[in-house]
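Notes for the one structure printed next.
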Amino acid sequence: AQSVTQLDSQVPVFEEAPVELRCNYSSSVSVYLFWYVQYPNQGLQLLLKYLSGSTLVKGINGFEAEFNKSQTSFHLRKPSVHISDTAEYFCAVKNAGGTSYGKLTFGQGTILTVHP
Amino acid sequence: DAGVIQSPRHEVTEMGQEVTLRCKPISGHDYLFWYRQTMMRGLELLIYFNNNVPIDDSGMPEDRFSAKMPNASFSTLKIQPSEPRDSAVYFCASSYQDRENQPQHFGDGTRLSIL
């Protein structure tokens, strides 16, 4: 079974400050990793994904994430946040193949609030 | 391009009533997923379909919940009878061939309140 732990339920930051949203996962098999963003009253949108290769992946809106296999982490970062980045962020994991092909397991979410 | 379309956006009804949530996936997508989001339990996968066939319904909470996909462009999630604990936001998502490089595209959700 897989699990995803987002270590912070809420992260308040000031505009133009850097931010890191933390995600750890647990799985007995190889996985693919994703970050999704949810703006108020909307569905989830894909920010970025790690499938293989370079452990540093870049996504939309200036976000990036680094896959660390030894620490089973996939932390999301942005060097300078904007007010418009205020949203809830979800880390998710999927088996790389196998019988649960397609099934995403989500973390509990981190609410990022950017203050002026 | 039209995204995943869910209806209604909001539903308020009394307990015991039947509730039907609807989803139109993106044209050409062959995977469809139903999720439920609550404060307590976060985002949970209820069921997903491939080519209109249910593949995994292990997340469906109980027999009061049922889902169908009669064709490639339409799916329903039905709750009968509804209970206050079913109050949540229900999302539908679709993807193409569910290949790893194809993300799931989410609808804007149905906010369901059972009184």
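Just so you know, all these numbers are worked out from the coordinates, no wet-lab data involved. This structure is a prediction, so every number in the text was calculated from the model and none was measured. For neighbour counting, all protein chains shown are included, and Cβ atoms are generated from backbone atoms with ideal geometry for every residue, glycine included.
Using amide H atoms built in the peptide plane, which far-off residues or other-chain residues are under 5 Å from A:Leu47 H to H?
Counting only residues 5 or more places away or on other chains, the set is A:Trp35, A:Tyr36, A:Val37.
For the protein assembly as shown, what is the largest minus smallest coordinate of the Cα atoms on each principal axis, given in angstrom and ordered from greatest to least?
In descending order, the Cα extents are 48, 41, 35 Å.
If the cut-off is 13 Å between C-alpha atoms, which aspartates and glutamates fall inside it for A:Lys94, apart from same-chain ones fewer than 8 positions away?
B:Asp98, B:Glu100
Against the 2.2 N^0.38 Å scaling, with N counting residues, where does segment B:19-106 land? I'd like the Cα-based Rg ratio to two decimal places. Intermediate results must be reported in sequence, preceding the final value.
Numbers: Rg = 12.6 Å, N = 88, 2.2 N^0.38 = 12.1 Å.
So segment B:19-106 has a normalised radius of gyration of 1.05.
Longer than 29 Å from Cα to Cα, which of A:Lys49/B:Lys78; A:Lys78/A:Lys103; A:Lys78/B:Lys24 are they? Say none if no pair is. List each step's numbers first, then the result.
Numbers: A:Lys49/B:Lys78 32 Å; A:Lys78/A:Lys103 27 Å; A:Lys78/B:Lys24 34 Å.
Checking Cα-Cα distances, A:Lys49/B:Lys78; A:Lys78/B:Lys24 exceed 29 Å.
Would you mind checking which residues have amide H under 5 Å from B:Ile55's amide H? H placed 1.01 Å from N; only 5 or more apart, or other chain.
Long-range HN contacts for B:Ile55: B:Tyr48, B:Phe49, B:Asn50.
Magnitude of the Cβ-charge dipole of the protein assembly as shown, K/R +1 and D/E -1, about the Cα centre, nearest 20 debye? Each step should come with its number before you reach the end.
On the way: 19 positive and 23 negative charges, 62 e Å.
I would put it at about 300 debye.
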